[in-house]
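Below: one structure, written as structure tokens.
A short reminder: the numbers here are calculations on the coordinates, not readings from a lab. Keep in mind that this is a model prediction, so the values were computed, not measured. Cβ placement follows ideal geometry from the backbone for every residue including glycine, while neighbour counts extend to all protein chains displayed.
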Amino acid sequence: MNSKYLAMALAGGLSFGLAWAAEWTTDGGNSQRQNWQRDEKILNKNNVKGLKLLWKIQLDNKPHEMHSLFPPLIAENVKMPGGGSKEIALQAGIDDNIYAIEVATGKLIWSKHFTYPTPARRGSPGDPLCPTGQTATPVLSPKDASGVRKVYALTGDGKIHTLNLADGEDVAPPFLFGYPNGKSYALNLWNDILFTTTSQGCAGNPNQIWAVNLKDPEHKVMAARPKSGGLWGRQGAAVDSTGIAWAPTGDGRYEPANQVYGNGLIGARVEDGNLNIKDYYIPSNWIWLQKRDLDMQVTPAIFEFKGKELMVTGSKECRMMLLDTRNAGGANHQTPLDRTPLMCNEETDFQSAGIWGSMATWEAANGMRWVLTPFWGPVHPEFKPPVSYGPVVHGAVVALTVEAEANGKFKLKPRWMSRDMDQAEPPLIANGVVYSYGNGENTRQAYADKGLYDFSPERIKNSTHATLYALDAETGKELYSSGDLIKSWNHFSGLTVANGRVYIGTYDSILYCFGLEGQK
Amino acid sequence: MRAVWLLLAGVPIAGVAMLSAQGRPLDWPFFGGDAQRTNWQKNDLRITKENVHELQLVLKRKLDNAGAGPRSATPPVVIGNLISYKGFKELGFVTGAPDSMWSLDLDLDRVFWHKKFAGSVKASGACAVAATAFPSLTPPNNFTTRPRPAVAGSAPAEVPRGLMAPKGVYSQKPVFAVSSDGRLHVLNTSTGEDLVTPVPFLPAGSKASSLAIVDGHVYTTTSAACGGTAGVWAIDLSRIDPANPAGAPPVLSYKAAVGGLAFGTDNTIYAQTGDGELLALGHKDLVVKAKASGLGAVATPSVFQFQNRDVIVASGAKGAVTLLDSNGLKVLAQSATVTSGRGVWGGFATWADTDGARWILAPVWGAPKSGVMAFEVEDQGGKPVLTQRWMREMSAPQIPLVTSGIAFALSAGEYASEDAKGSGRATLFALDGATGKELYSTAKQVSAPANWNGLTVANGRVYFATIDNTLWAFGIFLER
């Protein structure tokens, strides 16, 4: 088996050593949050069924509420202080921890635990919505002139730390970028502008998009506030080619005259030292979404198609919307290029159903543009994609293509729906393979006997384990399942794929690395 | 650093706090909307005089109900937003004779649960088709802020006693109903399950009126026509021990033939008797505190505040509307008699317009004409005076209700008498509360006569039931 896969890889003209070419420097893979690993050359449709657990590492990270580890970032060919270079997985933990792990061996290179005086304000203990600590996935910079890769990490005291990826040493003084225990989401670095979003008003933090220019010695903090519920897209904001950061807004009202943009998607750009809302999309049924707590909370994926820069997003209602980044929602801001029918959540439930997290998109060799979404809960009985794989009760991944019609309009065309997954999480595409996982998390927030009871200990107690899947990107056919190999679950985390390895972290602070047997 | 703190100034803490009055979900927890039986939805801005012409049929639900006749099913009491185990729901609770209860997802026109009470008492004639009492909720039921589980060291929240004590940290408040065997059912709003063993409350077979929950007590009235005992009944919920269902608490009663109940702002109970009296009863002992006689008719009173005191609206003979001072039940004002017919039918609606003027609506079944009469209560030297402003004629008018200055009036169809089978069709009218001008009518959209238990309004929808066990709602379209 081992030699077989090695032979297959070599037959492709590659060696594992030479195959170093892929990185994953930010949550979602790039600023557009495409969740597409374009540079994967090792794992493919033919060999992915041979995935094995290459290593796992127990980290000393302490979970806060239900959060633990975030998707690791991958940098290849990092020059090390003692000489040589390594491929490094940069792993962030909620307990204000950063770990640098050698990918080849799964051994810890360095770690850093940030300490600070306990902030005066924090979320309620037991509340899964407002954990304390580092809640944002860090981001890696490109190499600077001296070859240093910087890590930007936002700790629970609201400060940005700038570290040398090679050794974890500070390379710049920390600066404030938010509010202590304010629940920031994944950092996004675009042309020296660092973005994040915040939600749930945790510890009094405003719900808004935040930006800071790293070149600004004053580090002026800029913000765009939609006066809505939380901006809790899993991967924060996605940034288009013009520098507009797009982020979904949680439950709230739509009052354009008062610049209130609840239950929508706002786009904000840094201009003259300010972060200004430039455009927005509000679903025409926003009142319904608000009433049922079906808020827009899905980080969009941005892509080029037929000369336009488009994006897809979704909501707990369980529809996907296709939007033009240059004119989101049209003249009335409420008309998407296309909107799918309901794919799930017939019950219109605010919990354990609908689309959660983020989208994914990739372009096939034939030019076909694919977009993917995960969803939780049973498939809607009236949603019948042309290809599916048995009953979907707990969740699935749906793949669609973007179609340009003769009349100049665009459509989202469902292509396949995956097998049932225990709450499918945002997919990631690499070399013709879709990776996703059922998170195994208990996501129930309300009970028949107790009413609303969203309590971390209760949910932790009833969570099971995550299961990693690999699917054929063009058909959705299952190519691999980790079965019960992963022993714990995760919450608001994600996958990373680079250079033949698939990474997933779990609540018990174990980082798993899957790959082909014999891989170095 | 300074820039960050500047940004934080004046920021609301949670998205939920962004809800304006227009978006806040509203309850209709009782018959009449509140304990004062005002039939006035004070805070619903969804229906306005400007958009009421856009009303459309938004719900039509045929109930699988064996009952028949003009009280076979009730309009709903409404929880504007229940965070149920299946999500955020606007639920309506409807009872139907005999011994059925439905919880409906009012947005989706789906049955959320259906309950069939055990132990039905067989009755005959009018009693066999009499609806069980209007159910009742415990206001407020609405979600206003996201509750957090309590943690060690935090201040304990107020914990209701006995039956009202929550099972969990944030248990939902129950819905109450009475079955034909006279038992009080305390039901989980999410599932319809009995939260405690049904509690003996009324004589079996009683024809009970609407329930009301006030100050931790459940109240209703019964007529002598069915269970044989007419009276006012009360039970203290704090005396019901879920852990000891056999230890049924004492039931308070006051034996008299009365109509429906209204409650003062001090919880005093007001009821009209068949002997033409208005009674004032203590709400914890049902002892008569005061009475007025010579009114000559029966209706469910309404209560409103006038010059910082409660004023009771009661029915007088031949359609006269009577105002009484809660202090001693002295008559303050009375309108002229208007009919030789039945007079005021069922009860009243009362509201204050945006200028603070107090209005009263009275449905009158009479001869030579029936309809809804509107009176303005004018302050003349500190004394209220009733001035009739308008009347809208219609057949078999039911108790109207008011929201956003709009009077909704329901013509039930054609009824020769209470025992007669209705004919024709129900028609819902929206009238300008100040002038009586018609703003909307359902015209011929409803296919059956209406039941005699009035209207419900909540969150942009107006509900009523028809004799064919169909629940109707006309409202503002909500895109889903």
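Points worth noting:
- One way to sum up the overall shape of region B:223-287 is the equivalent ellipsoid from its Cα gyration tensor, whose semi-axes run 25, 16, 8 Å, largest first.
- Temperature 37 °C, viscosity 0.692 mPa s: under these conditions the Stokes-Einstein estimate for region A:406-470, based on its Kirkwood radius over C-alpha pairs, is 222 µm² per second.
- Within 10 Å of the Cβ of each residue in A:282-290, the mean number of Cβ atoms contributed by other protein chains is 3.
- Computed FRET value (nearest 0.05) for B:VAL331 with B:THR354, which takes r as the C-beta separation and R₀ as 35 Å: 0.75
- Each part gets one Cα centre, and for region A:159-210 versus region B:371-443 those centres are 61 Å apart.
- Assigned charges on the beta-carbon of Lys, Arg, Asp, Glu; chain A dipole about Cα centre (debye): 480 debye
- Here, P(r) means the percent of Cα pairs in each 10 Å bin from 0 to the largest distance; for the protein assembly as shown it is 2, 11, 19, 20, 16, 12, 10, 6, 3, 1, 0.
- Neighbour net charge for A:LYS411 - beta-carbon separation under 15 angstrom, K R +1, D E -1: +4
- Cβ-Cβ distance of B:ARG389 and B:VAL288, R₀ of 60 Å, FRET efficiency by 1/(1 + (r/R0)^6): the value works out to about 0.95.
- Using a cutoff of 8 angstrom between alpha carbon atoms and counting only pairs six or more residues apart, the relative contact order for chain A works out to 16 percent.
- Convex hull (Cα only) mean projected area of chain A, reported in nm² to one decimal: 23.3 nm²
- Residue list for region B:441-480, given a label point 7 angstrom along the Cα-to-Cβ vector of B:GLN56 and an amide N cut-off under 13 Å: B:474-480
- With q set to 0.09, 0.18 Å⁻¹, the log10 of I(q)/I(0) for region A:346-498, from the Debye formula over equal scatterers at the Cα positions, is -0.30, -1.07.
- At most 16 other Cβ within 10 Å, DSSP loop - trypsin sites (Lys or Arg not before Pro), region A:294-323: A:LYS306
- A viscosity of 1.306 mPa s and a temperature of 10 °C, combined with the Kirkwood radius over Cα pairs in Stokes-Einstein, give a translational diffusion coefficient for region A:261-350 of 116 µm²/s.
- The average projected area of region B:354-447, computed from the convex hull of its Cα atoms over all directions, is 7.0 nm².
- Total charge dipole magnitude, region B:221-284, about the Cα centre, Cβ charges on Lys, Arg, Asp, Glu only, Debye to nearest 20: 120 debye
- Counted by Cβ distance under 13 Å from A:ASN30, the other residues give a net charge of -3, where Lys and Arg count +1 and Asp and Glu count -1.
- Region A:13-93 gives an Rg/Rh value of 1.00, both radii derived from C-alpha positions and Rh following Kirkwood.
- Between A:GLU517 and A:LYS52, the built amide H atoms are under 5 Å apart, and every one of these is 5 or more places off in sequence or on another chain.
- Euclidean distance of C-alpha centroids, region A:41-76 and region B:46-120, integer Å: 50 Å
- 20 °C / 1.002 mPa s Stokes-Einstein diffusion coefficient of region B:405-480, Kirkwood radius on C-alpha pairs, µm²/s: 164 µm²/s
- Net length gained if the chain between A:LYS215 and A:GLU382 were fully extended (0.36 nm per residue, minus Cα distance): 55.0 nm
- Antiparallel bridge percentage (DSSP; both residues within region B:168-240; nearest 5): 100 percent
- Relative contact order %, region B:321-480, counting alpha carbon pairs below 8 Å whose residues are six or more apart: 13 percent
- Fraction of the pair-distance distribution of region A:175-220 above 14 Å, Cα-Cα pairs, percent: 47 percent
- Region B:362-412: trypsin sites (Lys or Arg not before Pro) in DSSP coil with no more than 16 other Cβ atoms inside 10 Å: B:LYS369
- Take every pair of alpha-carbon atoms less than 8 Å apart whose residues are at least six positions apart; their mean separation over the length of region A:393-520 yields a relative contact order of 18 percent.
- FRET efficiency, 1/(1 + (r/R0)^6) with R0 35 Å, evaluated for B:ASP109 and B:ALA367 via beta carbons: 0.35
- In angstrom, the C-alpha Rg and Dmax of region B:216-366 are 16.6, 55.
- Computed 3J(HN,Hα) for region A:283-300, one whole-Hz value per residue from the Karplus formula 6.51 cos²θ - 1.76 cosθ + 1.60 where θ = phi - 60°, is x, 5, 9, 4, 5, 5, 4, 5, 4, 9, 6, 10, 4, 6, 8, 10, 4, x, glycine and proline marked x.
- For B:ALA473, net neighbour charge (Lys/Arg +1, Asp/Glu -1) across residues whose Cβ lies under 10 Å away: +2
- Whole-Hz Karplus values for region A:506-514 come out as 10, 4, 7, 6, 9, 9, 9, 10, 9 Hz, taken residue by residue from phi with 6.51 cos²θ - 1.76 cosθ + 1.60 and θ = phi - 60°; glycine and proline positions read x.
- Of the trypsin sites (Lys or Arg not before Pro) in region B:263-353, the ones in a loop by DSSP (not H, G, I, E or B) with at most 12 other beta carbons within 10 Å are B:LYS330.
- Part-to-part distance (alpha-carbon centres) for region A:440-478 and region A:355-370, which is given in Å: 24 Å
- Applying 0.36 nm per residue to the separation of A:GLN259 and A:LYS49 and subtracting their alpha-carbon distance, the gain on full extension is 70.5 nm.
- 19 Å Cα-Cα reach of A:LYS308 towards lysines, excluding residues that sit fewer than 8 places from it in its own chain: A:LYS278, A:LYS409, A:LYS411, A:LYS413
- Two-decimal ratio, region A:112-214, of alpha-carbon radius of gyration to 2.2 N^0.38 Å: 1.08
- Lysines whose Cα lies under 21 Å from that of A:LYS183, excluding same-chain neighbours fewer than 8 positions away: A:LYS62, A:LYS112, A:LYS159, A:LYS220, A:LYS227, A:LYS316
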